[in-house]
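Just so you know, all these numbers are worked out from the coordinates, no wet-lab data involved. For clarity, every value in this text was computed on a predicted model and none was experimentally measured. Counting neighbours? That spans all protein chains shown, and the Cβs are built from the backbone with ideal geometry, glycine included.
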């Protein structure tokens, strides 16, 4: 860790500045869990969203995707994803999303 002390709030703010522009294409998006690693100036977190092509035959399906945000390098790393069944997704989507949208833009999501 470099000389400047980074707070949890600063880490989240920096993470949001980097992650939200990337994740907006999948909105609505929910943060499923988050692990703040202050000593490493990083946050590891999972998000849930309906992915336009992750299902069989490129059908929309719910995915949980893991990311790691490295504040020191200001870099967002994609760490993999898993399909989530509809029942699990329903429980999570009853909570307030991390990123909201008024209309789904699934056809325009690049699918990455």
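In deg cm²/dmol, rounded to 500, what helix-only [θ] at 222 nm does the chain give when every DSSP H run of at least 4 residues adds -39500 (n - 2.57) and the total is split over its residues?
Rounded to the nearest 500, it is -6500 deg cm²/dmol.
Any chance you could give the angle, 0 to 90 degrees and rounded to 10, that helix 8-23 forms with the longest Cα principal axis of the chain?
30
In whole percent, what relative contact order does the chain give with Cα contacts below 8 Å and a gap of six or more residues?
Numbers: 196 pairs, mean separation 31.3, N = 112.
Relative contact order comes out at 28 percent.
Taking neighbour Cβ counts within 10 Å as the exposure measure, how do 95, 53 sort from fewest upward? Mind dumping the intermediate values first?
Working: 95 11, 53 14.
Lowest count first: 95, 53.
Listing 62, 30 from the residue with the fewest other Cβ atoms within 10 Å to the one with the most, what is the order?
Numbers: 62 21, 30 18.
Arranged by neighbour count, lowest to highest, 62, 30 become 30, 62.
If you take the beta carbon distance between residue 96 and residue 38 as r and set R0 to 41 Å, what does 1/(1 + (r/R0)^6) give as a FRET efficiency, to the nearest 0.05? Walk me through the numbers before you get to the answer.
Numbers: r = 25 Å, r/R0 = 0.62.
Calculated value: 0.95.
From the Cα trace of the chain, what convex hull volume per residue do you get, rounded to a whole Å³? Kindly include the intermediate steps, with their values, before the conclusion.
Values: hull volume 11.3 nm³, N = 112.
Value for the chain: 101 Å³ per residue.
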